[in-house]
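Reviewing the structure listed below.
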Amino acid sequence: MSLPEVPPADDVTTGWWDATREHRLMVQECTQCGHLQHPPRAVCTACSSMDHLELRETAGTGEVDACTVIHRAPRPDVDVPYTVARVRLTEGPLILTRLVDGDQWAIGDQVNVGWTDLPDGRALPVFH
Amino acid sequence: MTARVAIVGAAESDLGVTGKSILTLQSQAVTRALADAGLTLADVDGIATTGISRFSATQLADYFAIQPTWTDSTFAGGSAYEMMVARAAQAIQAGQATTIVISFASNQRSAKSRRLGGVHEPHIPEAQFEEPYDMLFPVSYYAMAAQQYLHKFGGTREQLAEIAVAAREWALLNPKAFRYGKGPITAEDVVTSAMISSPLTVADCCLVTDGGGAVVLTSLERARDLPRKPVEILGYGERTTNTSFTAVDDLTAPGAIGSGRDAFARAGITPADVDVLQVYDSFTITAALSVEALGFCGRGEVLGFIADGRIRPGGALPLNTSGGGLSYCHPGQYGILLLVEAVRQLRGESGDRQVEGASTAVAHGTGGILSTHATVVLGVDR
Ligand SMILES: [Zn+2]
(Lines give C-alpha, C1' and ligand atoms only; values in the text may rest on other atoms or scores of the structure.)
Protein backbone atom coordinates (compact mmCIF):
# COMPACT_ATOMS: atom_id res chain seq x y z
CA MET A 1 0.00 0.00 0.00
CA SER A 2 0.97 3.59 -0.45
CA LEU A 3 1.78 4.73 3.06
CA PRO A 4 -0.46 7.36 4.65
CA GLU A 5 0.86 10.56 6.16
CA VAL A 6 0.42 10.15 9.89
CA PRO A 7 0.46 13.39 11.91
CA PRO A 8 3.25 13.67 14.49
CA ALA A 9 2.64 12.43 18.02
CA ASP A 10 1.65 15.03 20.59
CA ASP A 11 2.19 15.41 24.35
CA VAL A 12 -0.36 12.67 25.09
CA THR A 13 0.42 10.19 22.33
CA THR A 14 4.23 10.19 22.16
CA GLY A 15 4.65 7.12 24.38
CA TRP A 16 2.10 5.13 22.38
CA TRP A 17 3.81 5.90 19.09
CA ASP A 18 7.29 5.28 20.54
CA ALA A 19 6.19 1.75 21.46
CA THR A 20 5.20 1.12 17.84
CA ARG A 21 8.86 1.60 16.88
CA GLU A 22 9.46 -1.68 18.75
CA HIS A 23 6.25 -3.21 17.37
CA ARG A 24 4.57 -3.17 20.74
CA LEU A 25 0.81 -2.38 20.84
CA MET A 26 -0.20 -0.41 23.90
CA VAL A 27 -3.44 0.73 25.51
CA GLN A 28 -3.77 3.36 28.19
CA GLU A 29 -4.44 2.12 31.73
CA CYS A 30 -5.61 4.18 34.71
CA THR A 31 -3.76 3.04 37.84
CA GLN A 32 -6.36 4.75 40.04
CA CYS A 33 -9.46 2.93 38.78
CA GLY A 34 -8.19 0.20 36.45
CA HIS A 35 -9.93 1.56 33.33
CA LEU A 36 -8.38 0.78 29.93
CA GLN A 37 -8.88 3.16 27.01
CA HIS A 38 -7.84 3.77 23.41
CA PRO A 39 -6.82 6.06 21.83
CA PRO A 40 -4.72 7.67 24.60
CA ARG A 41 -6.19 10.75 26.23
CA ALA A 42 -5.13 13.37 28.77
CA VAL A 43 -7.87 12.18 31.11
CA CYS A 44 -9.34 8.90 32.32
CA THR A 45 -12.91 8.76 31.03
CA ALA A 46 -13.95 6.52 33.94
CA CYS A 47 -12.64 8.46 36.98
CA SER A 48 -11.57 11.87 35.54
CA SER A 49 -7.99 11.51 36.76
CA MET A 50 -5.28 13.23 34.73
CA ASP A 51 -2.53 11.88 37.00
CA HIS A 52 -2.80 8.08 36.85
CA LEU A 53 -2.61 7.21 33.16
CA GLU A 54 0.09 4.81 32.03
CA LEU A 55 0.66 2.68 28.97
CA ARG A 56 0.21 -1.06 29.22
CA GLU A 57 1.34 -3.52 26.58
CA THR A 58 -1.35 -5.70 25.00
CA ALA A 59 -1.09 -9.29 23.84
CA GLY A 60 -1.66 -8.05 20.29
CA THR A 61 -4.68 -10.30 19.88
CA GLY A 62 -8.33 -9.57 19.33
CA GLU A 63 -11.56 -10.28 17.53
CA VAL A 64 -13.17 -8.60 14.52
CA ASP A 65 -16.05 -6.45 15.81
CA ALA A 66 -17.05 -5.03 12.41
CA CYS A 67 -15.35 -4.62 9.05
CA THR A 68 -15.93 -3.16 5.59
CA VAL A 69 -14.27 -3.79 2.25
CA ILE A 70 -13.52 -0.46 0.58
CA HIS A 71 -13.56 -0.21 -3.21
CA ARG A 72 -12.79 3.49 -3.73
CA ALA A 73 -9.79 4.90 -1.87
CA PRO A 74 -9.92 8.41 -0.38
CA ARG A 75 -6.45 9.28 -1.73
CA PRO A 76 -4.35 8.36 -4.78
CA ASP A 77 -2.12 5.28 -5.09
CA VAL A 78 -3.97 3.10 -2.59
CA ASP A 79 -4.71 -0.38 -3.93
CA VAL A 80 -8.36 -1.40 -3.71
CA PRO A 81 -10.14 -3.31 -2.39
CA TYR A 82 -8.90 -3.25 1.19
CA THR A 83 -10.53 -3.97 4.54
CA VAL A 84 -10.94 -1.54 7.43
CA ALA A 85 -12.12 -2.98 10.73
CA ARG A 86 -12.93 -2.39 14.34
CA VAL A 87 -10.99 -4.96 16.36
CA ARG A 88 -11.93 -5.67 19.97
CA LEU A 89 -8.59 -6.21 21.72
CA THR A 90 -8.42 -9.11 24.15
CA GLU A 91 -7.86 -6.52 26.89
CA GLY A 92 -11.18 -4.82 26.02
CA PRO A 93 -10.75 -1.57 24.07
CA LEU A 94 -11.74 -1.23 20.41
CA ILE A 95 -9.14 -0.15 17.85
CA LEU A 96 -9.64 0.96 14.26
CA THR A 97 -7.27 -0.85 11.93
CA ARG A 98 -6.85 -2.65 8.64
CA LEU A 99 -7.19 -6.39 8.13
CA VAL A 100 -4.48 -7.64 5.80
CA ASP A 101 -4.11 -10.99 4.00
CA GLY A 102 -7.28 -11.16 1.91
CA ASP A 103 -10.73 -9.60 2.04
CA GLN A 104 -12.83 -12.51 3.32
CA TRP A 105 -13.05 -11.37 6.93
CA ALA A 106 -16.12 -11.78 9.12
CA ILE A 107 -17.36 -10.58 12.48
CA GLY A 108 -15.93 -12.80 15.23
CA ASP A 109 -12.72 -13.76 13.39
CA GLN A 110 -9.74 -14.03 15.73
CA VAL A 111 -6.85 -11.80 14.65
CA ASN A 112 -3.26 -10.96 15.59
CA VAL A 113 -1.38 -7.71 15.28
CA GLY A 114 1.14 -7.10 12.51
CA TRP A 115 2.96 -3.92 11.59
CA THR A 116 3.27 -1.54 8.64
CA ASP A 117 6.47 0.44 9.13
CA LEU A 118 6.36 4.17 8.43
CA PRO A 119 9.28 6.15 6.96
CA ASP A 120 9.82 8.06 10.22
CA GLY A 121 10.45 4.88 12.25
CA ARG A 122 6.98 4.60 13.74
CA ALA A 123 4.69 1.73 12.69
CA LEU A 124 0.96 1.34 12.14
CA PRO A 125 -0.69 -1.67 13.79
CA VAL A 126 -2.69 -3.78 11.34
CA PHE A 127 -4.20 -7.21 11.96
CA HIS A 128 -4.19 -10.55 10.21
CA MET B 1 -47.53 27.76 31.47
CA THR B 2 -44.73 27.94 28.88
CA ALA B 3 -45.51 29.75 25.65
CA ARG B 4 -46.18 27.50 22.69
CA VAL B 5 -43.99 27.89 19.59
CA ALA B 6 -44.78 27.25 15.91
CA ILE B 7 -43.16 27.08 12.51
CA VAL B 8 -44.82 29.73 10.34
CA GLY B 9 -42.71 29.64 7.19
CA ALA B 10 -40.78 26.99 5.28
CA ALA B 11 -39.01 26.95 1.93
CA GLU B 12 -36.27 25.42 -0.19
CA SER B 13 -33.59 27.28 -2.11
CA ASP B 14 -32.87 26.21 -5.67
CA LEU B 15 -31.85 22.53 -5.63
CA GLY B 16 -29.73 20.18 -7.72
CA VAL B 17 -26.93 21.72 -9.77
CA THR B 18 -27.32 25.46 -9.30
CA GLY B 19 -24.01 27.13 -10.11
CA LYS B 20 -24.83 29.53 -7.28
CA SER B 21 -22.86 30.53 -4.18
CA ILE B 22 -23.71 29.38 -0.66
CA LEU B 23 -24.87 32.86 0.36
CA THR B 24 -27.11 33.21 -2.71
CA LEU B 25 -28.76 29.90 -1.87
CA GLN B 26 -29.04 30.94 1.80
CA SER B 27 -30.66 34.22 0.72
CA GLN B 28 -33.15 32.34 -1.44
CA ALA B 29 -34.07 29.91 1.33
CA VAL B 30 -34.44 32.60 4.00
CA THR B 31 -36.37 35.18 1.94
CA ARG B 32 -38.68 32.50 0.52
CA ALA B 33 -39.41 31.11 3.99
CA LEU B 34 -40.05 34.62 5.30
CA ALA B 35 -42.33 35.42 2.36
CA ASP B 36 -44.19 32.18 3.06
CA ALA B 37 -44.71 33.47 6.62
CA GLY B 38 -45.76 36.92 5.47
CA LEU B 39 -42.61 38.44 6.97
CA THR B 40 -39.37 40.10 5.82
CA LEU B 41 -35.77 40.33 7.00
CA ALA B 42 -36.79 43.36 9.09
CA ASP B 43 -38.85 41.06 11.32
CA VAL B 44 -35.97 38.68 12.11
CA ASP B 45 -34.23 38.94 15.48
CA GLY B 46 -32.83 35.41 15.71
CA ILE B 47 -30.62 33.45 13.30
CA ALA B 48 -29.51 29.83 13.48
CA THR B 49 -27.34 28.42 10.73
CA THR B 50 -24.08 26.66 10.02
CA GLY B 51 -22.01 25.52 7.07
CA ILE B 52 -21.18 29.01 5.78
CA SER B 53 -17.92 29.88 7.50
CA ARG B 54 -16.29 29.60 10.92
CA PHE B 55 -18.70 32.24 12.27
CA SER B 56 -21.74 31.08 10.35
CA ALA B 57 -24.61 32.79 12.17
CA THR B 58 -22.56 35.96 12.57
CA GLN B 59 -21.72 35.85 8.87
CA LEU B 60 -25.35 35.46 7.84
CA ALA B 61 -26.47 38.25 10.17
CA ASP B 62 -23.89 40.55 8.62
CA TYR B 63 -24.93 39.51 5.10
CA PHE B 64 -28.55 40.36 5.89
CA ALA B 65 -27.56 43.52 7.82
CA ILE B 66 -29.31 42.23 10.94
CA GLN B 67 -28.10 42.58 14.53
CA PRO B 68 -29.85 39.62 16.17
CA THR B 69 -30.70 39.33 19.85
CA TRP B 70 -30.01 35.58 19.61
CA THR B 71 -27.94 33.30 17.37
CA ASP B 72 -26.97 29.64 17.24
CA SER B 73 -24.30 27.94 15.13
CA THR B 74 -24.48 24.46 16.63
CA PHE B 75 -22.22 22.43 14.34
CA ALA B 76 -23.48 18.87 14.53
CA GLY B 77 -23.83 17.81 10.90
CA GLY B 78 -27.20 16.74 9.57
CA SER B 79 -29.01 16.81 12.91
CA ALA B 80 -28.07 20.42 13.69
CA TYR B 81 -31.34 21.86 12.37
CA GLU B 82 -33.49 19.64 14.57
CA MET B 83 -31.28 20.71 17.52
CA MET B 84 -31.73 24.34 16.48
CA VAL B 85 -35.52 23.96 16.55
CA ALA B 86 -35.25 23.03 20.24
CA ARG B 87 -32.89 25.91 21.03
CA ALA B 88 -35.00 28.38 19.04
CA ALA B 89 -38.19 27.30 20.80
CA GLN B 90 -36.46 27.80 24.15
CA ALA B 91 -35.17 31.25 23.11
CA ILE B 92 -38.67 32.35 22.06
CA GLN B 93 -40.14 30.99 25.30
CA ALA B 94 -37.46 32.83 27.29
CA GLY B 95 -38.21 36.06 25.45
CA GLN B 96 -34.72 36.39 23.95
CA ALA B 97 -36.03 36.49 20.39
CA THR B 98 -39.43 36.72 18.71
CA THR B 99 -38.81 35.64 15.11
CA ILE B 100 -36.10 33.11 14.38
CA VAL B 101 -34.92 31.81 11.02
CA ILE B 102 -33.14 28.45 10.88
CA SER B 103 -31.38 27.90 7.55
CA PHE B 104 -28.77 25.93 5.66
CA ALA B 105 -27.51 25.87 2.08
CA SER B 106 -24.67 24.22 0.21
CA ASN B 107 -23.32 24.31 -3.32
CA GLN B 108 -21.26 21.15 -2.83
CA ARG B 109 -22.14 19.63 -6.21
CA SER B 110 -21.43 22.75 -8.24
CA ALA B 111 -18.30 23.49 -6.21
CA LYS B 112 -17.13 19.82 -6.21
CA SER B 113 -16.20 20.36 -2.57
CA ARG B 114 -17.01 16.92 -1.14
CA ARG B 115 -14.08 14.59 -0.33
CA LEU B 116 -14.30 10.79 0.14
CA GLY B 117 -12.01 10.85 3.16
CA GLY B 118 -13.78 13.68 4.99
CA VAL B 119 -12.20 16.81 6.45
CA HIS B 120 -8.61 16.54 7.78
CA GLU B 121 -7.96 18.21 11.15
CA PRO B 122 -4.46 17.13 12.20
CA HIS B 123 -4.86 17.93 15.91
CA ILE B 124 -7.76 15.56 16.69
CA PRO B 125 -7.13 11.96 17.84
CA GLU B 126 -8.84 10.52 14.74
CA ALA B 127 -6.11 12.06 12.54
CA GLN B 128 -3.47 9.91 14.27
CA PHE B 129 -5.46 6.80 15.09
CA GLU B 130 -8.13 6.38 12.38
CA GLU B 131 -7.48 8.31 9.16
CA PRO B 132 -4.18 6.47 8.44
CA TYR B 133 -6.31 3.39 7.67
CA ASP B 134 -8.05 5.13 4.75
CA MET B 135 -11.61 4.50 5.82
CA LEU B 136 -14.16 6.47 3.81
CA PHE B 137 -15.83 9.18 5.85
CA PRO B 138 -18.65 8.86 6.66
CA VAL B 139 -19.75 5.87 4.55
CA SER B 140 -17.42 3.24 6.06
CA TYR B 141 -18.92 3.78 9.51
CA TYR B 142 -22.45 3.26 8.24
CA ALA B 143 -21.18 0.26 6.30
CA MET B 144 -19.90 -1.31 9.51
CA ALA B 145 -23.22 -0.53 11.22
CA ALA B 146 -25.04 -2.27 8.37
CA GLN B 147 -22.71 -5.26 8.59
CA GLN B 148 -23.26 -5.54 12.35
CA TYR B 149 -27.04 -5.20 11.93
CA LEU B 150 -27.32 -7.90 9.28
CA HIS B 151 -25.00 -10.16 11.30
CA LYS B 152 -26.80 -9.64 14.60
CA PHE B 153 -30.44 -9.75 13.51
CA GLY B 154 -30.32 -11.53 10.16
CA GLY B 155 -31.76 -10.02 7.01
CA THR B 156 -30.42 -9.32 3.58
CA ARG B 157 -28.96 -6.43 1.62
CA GLU B 158 -32.05 -6.68 -0.61
CA GLN B 159 -34.29 -6.04 2.40
CA LEU B 160 -32.19 -3.02 3.36
CA ALA B 161 -32.49 -1.75 -0.22
CA GLU B 162 -36.24 -1.22 0.36
CA ILE B 163 -35.30 2.14 1.91
CA ALA B 164 -33.84 3.29 -1.43
CA VAL B 165 -36.61 1.71 -3.49
CA ALA B 166 -39.32 3.46 -1.45
CA ALA B 167 -37.46 6.78 -1.54
CA ARG B 168 -37.45 6.59 -5.34
CA GLU B 169 -41.20 5.89 -5.40
CA TRP B 170 -41.76 9.08 -3.39
CA ALA B 171 -39.36 11.09 -5.56
CA LEU B 172 -41.35 10.16 -8.65
CA LEU B 173 -44.22 12.14 -7.06
CA ASN B 174 -42.10 15.23 -6.31
CA PRO B 175 -41.28 17.47 -9.29
CA LYS B 176 -38.44 19.09 -7.28
CA ALA B 177 -36.71 15.75 -6.68
CA PHE B 178 -33.34 15.21 -8.36
CA ARG B 179 -34.55 11.77 -9.52
CA TYR B 180 -38.01 12.94 -10.57
CA GLY B 181 -38.88 11.38 -13.92
CA LYS B 182 -36.02 8.89 -13.67
CA GLY B 183 -38.26 5.86 -13.17
CA PRO B 184 -38.49 3.34 -10.35
CA ILE B 185 -35.64 1.18 -9.06
CA THR B 186 -35.62 -2.34 -7.64
CA ALA B 187 -33.78 -3.95 -4.74
CA GLU B 188 -31.78 -5.87 -7.35
CA ASP B 189 -30.68 -2.54 -8.89
CA VAL B 190 -29.46 -1.36 -5.50
CA VAL B 191 -27.44 -4.43 -4.52
CA THR B 192 -25.86 -4.80 -7.98
CA SER B 193 -24.72 -1.17 -8.18
CA ALA B 194 -21.04 -0.39 -7.72
CA MET B 195 -19.82 -1.42 -4.27
CA ILE B 196 -18.37 1.50 -2.29
CA SER B 197 -17.77 0.19 1.22
CA SER B 198 -19.32 -3.23 1.75
CA PRO B 199 -22.17 -3.97 2.23
CA LEU B 200 -23.18 -0.54 0.87
CA THR B 201 -23.25 0.21 -2.87
CA VAL B 202 -23.47 3.61 -4.51
CA ALA B 203 -27.27 3.17 -4.57
CA ASP B 204 -27.31 2.77 -0.77
CA CYS B 205 -25.70 6.23 -0.57
CA CYS B 206 -27.42 9.59 -0.74
CA LEU B 207 -27.11 12.02 -3.62
CA VAL B 208 -24.52 14.78 -3.74
CA THR B 209 -26.38 17.95 -4.79
CA ASP B 210 -26.63 21.66 -4.10
CA GLY B 211 -29.58 22.89 -2.13
CA GLY B 212 -30.83 24.42 1.06
CA GLY B 213 -33.83 25.35 3.10
CA ALA B 214 -35.15 27.51 5.89
CA VAL B 215 -37.91 27.54 8.49
CA VAL B 216 -39.26 30.50 10.48
CA LEU B 217 -40.32 30.15 14.12
CA THR B 218 -42.38 32.43 16.35
CA SER B 219 -44.82 32.11 19.22
CA LEU B 220 -48.01 30.19 18.48
CA GLU B 221 -50.02 33.19 19.67
CA ARG B 222 -48.44 35.39 16.99
CA ALA B 223 -48.49 32.55 14.47
CA ARG B 224 -52.27 32.56 14.52
CA ASP B 225 -52.22 36.08 13.01
CA LEU B 226 -49.91 35.05 10.13
CA PRO B 227 -51.07 33.70 6.74
CA ARG B 228 -50.15 30.02 6.97
CA LYS B 229 -51.62 27.30 9.15
CA PRO B 230 -49.23 27.17 12.16
CA VAL B 231 -47.25 23.98 12.73
CA GLU B 232 -46.61 23.62 16.42
CA ILE B 233 -43.41 22.27 17.95
CA LEU B 234 -44.71 19.56 20.27
CA GLY B 235 -41.50 17.90 21.39
CA TYR B 236 -37.80 17.45 20.86
CA GLY B 237 -34.84 15.43 22.08
CA GLU B 238 -31.20 14.89 21.19
CA ARG B 239 -28.19 12.68 21.84
CA THR B 240 -24.52 13.15 21.00
CA THR B 241 -22.54 9.92 21.00
CA ASN B 242 -19.18 9.96 19.20
CA THR B 243 -16.73 11.42 16.75
CA SER B 244 -14.50 8.37 16.45
CA PHE B 245 -15.16 5.01 14.80
CA THR B 246 -14.50 3.18 18.07
CA ALA B 247 -16.38 5.06 20.80
CA VAL B 248 -19.74 3.31 20.48
CA ASP B 249 -19.87 -0.37 21.43
CA ASP B 250 -23.04 -1.37 19.58
CA LEU B 251 -23.36 0.18 16.13
CA THR B 252 -26.96 -1.07 15.85
CA ALA B 253 -28.17 0.98 18.85
CA PRO B 254 -27.84 4.65 17.81
CA GLY B 255 -28.51 7.72 19.92
CA ALA B 256 -31.88 8.00 18.19
CA ILE B 257 -33.21 5.62 20.83
CA GLY B 258 -32.74 8.30 23.48
CA SER B 259 -33.52 11.36 21.36
CA GLY B 260 -36.79 9.79 20.19
CA ARG B 261 -37.79 8.72 23.67
CA ASP B 262 -37.27 12.27 24.98
CA ALA B 263 -39.10 13.87 22.05
CA PHE B 264 -42.13 11.60 22.30
CA ALA B 265 -42.32 12.04 26.08
CA ARG B 266 -42.19 15.82 25.76
CA ALA B 267 -44.93 15.74 23.13
CA GLY B 268 -47.02 13.27 25.13
CA ILE B 269 -47.50 10.96 22.14
CA THR B 270 -46.16 7.61 20.90
CA PRO B 271 -44.88 6.50 17.48
CA ALA B 272 -48.35 5.06 16.79
CA ASP B 273 -49.68 8.64 16.71
CA VAL B 274 -47.33 9.73 13.90
CA ASP B 275 -48.88 10.22 10.44
CA VAL B 276 -45.75 11.03 8.46
CA LEU B 277 -42.07 10.43 9.24
CA GLN B 278 -39.01 12.21 7.86
CA VAL B 279 -35.65 10.68 8.87
CA TYR B 280 -32.18 11.42 7.58
CA ASP B 281 -31.29 8.86 4.90
CA SER B 282 -27.63 9.59 4.29
CA PHE B 283 -27.48 5.85 3.64
CA THR B 284 -30.17 3.18 3.56
CA ILE B 285 -28.93 1.87 6.90
CA THR B 286 -29.22 5.33 8.51
CA ALA B 287 -32.96 5.45 7.80
CA ALA B 288 -33.53 1.81 8.76
CA LEU B 289 -31.73 2.22 12.09
CA SER B 290 -33.65 5.45 12.77
CA VAL B 291 -37.11 3.96 12.12
CA GLU B 292 -36.29 1.16 14.53
CA ALA B 293 -34.54 3.29 17.15
CA LEU B 294 -37.40 5.80 17.25
CA GLY B 295 -39.67 2.94 18.29
CA PHE B 296 -41.80 2.38 15.18
CA CYS B 297 -40.94 -1.32 15.44
CA GLY B 298 -39.11 -3.55 17.90
CA ARG B 299 -35.37 -4.08 18.17
CA GLY B 300 -34.00 -6.10 15.26
CA GLU B 301 -37.32 -5.97 13.39
CA VAL B 302 -37.04 -3.09 10.95
CA LEU B 303 -36.17 -5.02 7.79
CA GLY B 304 -39.21 -7.26 8.16
CA PHE B 305 -41.31 -4.28 9.25
CA ILE B 306 -40.70 -2.30 6.04
CA ALA B 307 -40.88 -5.30 3.70
CA ASP B 308 -44.64 -4.99 3.14
CA GLY B 309 -44.40 -1.63 1.38
CA ARG B 310 -45.58 0.34 4.39
CA ILE B 311 -43.02 3.13 3.88
CA ARG B 312 -43.96 3.60 0.21
CA PRO B 313 -46.66 5.96 -1.14
CA GLY B 314 -50.01 4.67 0.11
CA GLY B 315 -48.38 2.68 2.91
CA ALA B 316 -49.20 2.79 6.62
CA LEU B 317 -45.99 4.65 7.57
CA PRO B 318 -45.19 7.27 4.91
CA LEU B 319 -41.40 7.78 5.17
CA ASN B 320 -39.31 10.50 3.54
CA THR B 321 -42.13 11.72 1.36
CA SER B 322 -39.96 14.18 -0.58
CA GLY B 323 -37.84 11.33 -1.90
CA GLY B 324 -35.22 11.87 0.80
CA GLY B 325 -31.50 12.35 0.55
CA LEU B 326 -31.43 9.23 -1.60
CA SER B 327 -33.62 10.52 -4.45
CA TYR B 328 -34.70 14.14 -3.79
CA CYS B 329 -31.82 16.33 -2.64
CA HIS B 330 -28.74 15.97 -0.46
CA PRO B 331 -26.78 19.18 -0.01
CA GLY B 332 -24.68 17.81 2.86
CA GLN B 333 -26.48 18.72 6.07
CA TYR B 334 -29.89 17.54 4.90
CA GLY B 335 -31.64 17.99 8.26
CA ILE B 336 -33.22 21.35 7.34
CA LEU B 337 -35.10 19.75 4.43
CA LEU B 338 -36.62 17.13 6.76
CA LEU B 339 -38.30 20.01 8.58
CA VAL B 340 -39.45 21.73 5.37
CA GLU B 341 -41.15 18.56 4.10
CA ALA B 342 -42.73 17.79 7.49
CA VAL B 343 -44.22 21.30 7.60
CA ARG B 344 -45.60 21.01 4.07
CA GLN B 345 -47.21 17.66 4.83
CA LEU B 346 -48.88 19.07 7.95
CA ARG B 347 -50.22 22.03 5.96
CA GLY B 348 -51.52 19.76 3.22
CA GLU B 349 -49.31 21.37 0.55
CA SER B 350 -47.44 18.32 -0.74
CA GLY B 351 -49.36 17.80 -3.96
CA ASP B 352 -49.26 14.29 -5.44
CA ARG B 353 -47.29 12.99 -2.48
CA GLN B 354 -49.59 14.47 0.20
CA VAL B 355 -50.42 12.12 3.07
CA GLU B 356 -54.15 12.65 3.51
CA GLY B 357 -55.10 14.26 6.81
CA ALA B 358 -51.56 14.27 8.23
CA SER B 359 -51.73 16.03 11.59
CA THR B 360 -48.62 14.77 13.39
CA ALA B 361 -45.12 14.50 11.91
CA VAL B 362 -41.66 13.61 13.13
CA ALA B 363 -38.38 14.93 11.70
CA HIS B 364 -35.27 13.08 12.84
CA GLY B 365 -31.76 14.18 11.89
CA THR B 366 -28.51 12.23 12.10
CA GLY B 367 -25.11 13.90 11.82
CA GLY B 368 -21.56 12.76 11.23
CA ILE B 369 -20.93 9.02 11.70
CA LEU B 370 -24.07 8.27 13.72
CA SER B 371 -22.56 11.00 15.91
CA THR B 372 -25.48 13.30 16.64
CA HIS B 373 -29.17 12.50 16.77
CA ALA B 374 -32.06 14.94 17.12
CA THR B 375 -35.80 14.38 16.94
CA VAL B 376 -38.57 16.96 16.56
CA VAL B 377 -42.30 16.23 16.89
CA LEU B 378 -44.56 18.61 14.96
CA GLY B 379 -48.34 18.93 14.90
CA VAL B 380 -51.03 21.05 13.29
CA ASP B 381 -52.40 23.77 15.58
CA ARG B 382 -55.39 22.37 17.42
ZN1 LIG C 1 -9.50 6.14 36.10
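The values are calculated or read from the model by the stated rules, or taken from the named source; none is laboratory data. It should be emphasised that the depicted structure is a prediction, and the values quoted were computed from it without experimental measurement. Note: ideal-geometry Cβ built from the backbone for every residue, glycine included; neighbour counts use all protein chains shown. Note: accessible area is taken over every heavy atom of the protein model, side chains too, but ligands, DNA and RNA are not part of it. Shrake-Rupley method; radii C 1.70, N 1.55, O 1.52, S 1.80 Å.
General remarks:
- Using θ = phi - 60° and Karplus 6.51 cos²θ - 1.76 cosθ + 1.60, couplings along the stretch A:63-76 (whole Hz; Gly, Pro as x): 9, 5, 8, 6, 8, 9, 8, 9, 10, 10, 6, x, 8, x
- R0 of 22 Å, Cβ-Cβ distance A:E63-B:R299: FRET efficiency to nearest 0.05: 0.45
- Close amide H pairs (under 5 Å, H built 1.01 Å from N) link B:G118 with B:F137, residues at least 5 positions away or on another chain.
- Length-normalised contact order for the stretch A:14-127 - Cα pairs under 8 Å, 6+ apart - percent: 24
- Cα-based shape type of the stretch A:14-127, given that a ≥ b ≥ c are square roots of the gyration tensor eigenvalues and the cut on a/c is 1.5: prolate
- A:A66 long-range amide H proximity, modeled H, under 5 Å: A:R86
- Cross-link reach list, aspartates and glutamates versus B:K176, counting only Cα pairs under 18 Å and skipping chain neighbours closer than eight places: B:E12, B:D14, B:D36, B:D210, B:D281, B:E341, B:E349, B:D352
- Most fluctuating residue given options B:S53, B:S197, B:S282, as computed from a GNM of chain B linking Cα atoms under 10 Å: B:S53
- Net charge of Cβ neighbours under 11 Å - reference B:D250; Lys, Arg +1; Asp, Glu -1: 0
- Of B:T218, B:S56, B:T372, farthest towards positive along the dipole that unit charges on Lys, Arg, Asp, Glu beta carbons give chain B: B:T218
- Ligands, DNA and RNA left out, the accessible area of the stretch A:14-127 computed with a 1.4 Å probe is 44% carbon and sulfur.
- Averaged over peptide B:134-146, the number of partner chain Cβ atoms lying within 10 Å of each residue's Cβ comes to 5.
- Only one residue of B:G268, B:P313, B:G258 has its Cα farthest out toward the positive end of the dipole of the stretch B:202-322, where Lys and Arg carry +1 and Asp and Glu -1 on Cβ, and that residue is B:G268.
- In chain B, the calculated helix contribution to ellipticity at 222 nm averages -9500 deg cm²/dmol per residue, counting -39,500 (n - 2.57) for every DSSP H run with n ≥ 4.
- Solvent-accessible area of chain B (1.4 angstrom probe, protein heavy atoms only): carbon and sulfur portion equals 50 percent.
- Prolate/oblate/rounded call for the stretch B:84-175, Cα gyration tensor, a/c under 1.5 rounded: oblate
- All aspartates and glutamates inside 13 Å of B:K182 as judged from Cα atoms, apart from same-chain residues fewer than 8 positions distant: B:E169
- Relative contact order of chain B, taken over Cα pairs closer than 8 Å and 6 or more residues apart, is 26 percent.
- Per-residue shielding of B:243-252, expressed as the average number of other chain Cβ atoms within 10 Å of the residue Cβ, stands at 4.
- Candidates B:G332, B:G117, B:G237, ranked by Gaussian network fluctuation over chain B, Cα under 10 Å, top entry: B:G117
- When the GluC sites (Glu not before Pro) in the stretch B:307-366 are filtered for DSSP coil states and for at most 11 other beta-carbon atoms within 10 Å of their beta-carbon, the remaining sites are B:E356.
- Scanning residues 5 or more positions from B:G295 or on other chains, none has an amide H under 5 Å from its amide H, with H placed 1.01 Å from N in the peptide plane.
- Averaged over its residues, the stretch A:14-127 has an accessible area of 44 Å² per residue, based on protein heavy atoms and a 1.4 Å probe.
- For residues of A:59-71, the mean tally of beta carbons on other chains within 10 Å: 6
- Between the listed residues A:A59, A:A73, A:V6, the Cα displaced farthest toward the positive end of the dipole of chain A, a dipole computed from Cβ unit charges relative to the Cα centre, is found at A:A73.
- In this rough spin-label picture, where each label sits 7 Å from Cα along the Cβ direction, the B:N242-B:K182 distance is 3.0 nm.
- Among A:C67, A:C30, A:C47, the largest mean-square fluctuation in a Gaussian network model of chain A (Cα springs under 10 Å) belongs to A:C47.
- If you take all other residues with their beta carbon under 13 Å from the beta carbon of B:R87, and give Lys and Arg +1 and Asp and Glu -1, the sum is -3.
- Protein-protein interface of the stretch A:1-30, residues with accessible area decrease of at least 50 Å², isolated chain reference, 1.4 Å probe: A:P7
- Vicinal HN-Hα couplings computed from phi for the stretch B:164-179 (Karplus, 6.51 cos²θ - 1.76 cosθ + 1.60; Hz; Gly/Pro x): 6, 5, 5, 4, 5, 4, 5, 4, 5, 9, 10, x, 8, 6, 4, 9
- Computed over the stretch A:68-124, relative contact order equals 21 percent, with contacts defined as Cα pairs under 8 Å that lie 6+ residues apart.
- Accessible surface buried by the B/A pair amounts to about 2900 Å², both sides summed, 1.4 Å probe.
- In this Cβ point-charge picture (+1 for Lys and Arg, -1 for Asp and Glu), chain A has a dipole of about 260 debye about its Cα centre.
- Counting only residues at least eight positions apart within a chain, or on another chain, the lysines with an alpha carbon under 19 Å from that of B:K112 are B:K20.
- Accessible area (Å², per residue) of the stretch B:17-70, counting only protein heavy atoms and a probe of 1.4 Å: 46
- Here the Karplus relation 6.51 cos²θ - 1.76 cosθ + 1.60, evaluated at θ = phi - 60°, turns the backbone of the stretch B:253-270 into coupling constants of 10, x, x, 4, 4, x, 5, x, 4, 5, 5, 5, 5, 5, 7, x, 10, 10 Hz, with x for every Gly and Pro.
- Basic side chains Lys and Arg get +1 at the Cβ, acidic Asp and Glu get -1 at the Cβ, and with that the dipole of chain B about its Cα centre reaches some 520 debye.
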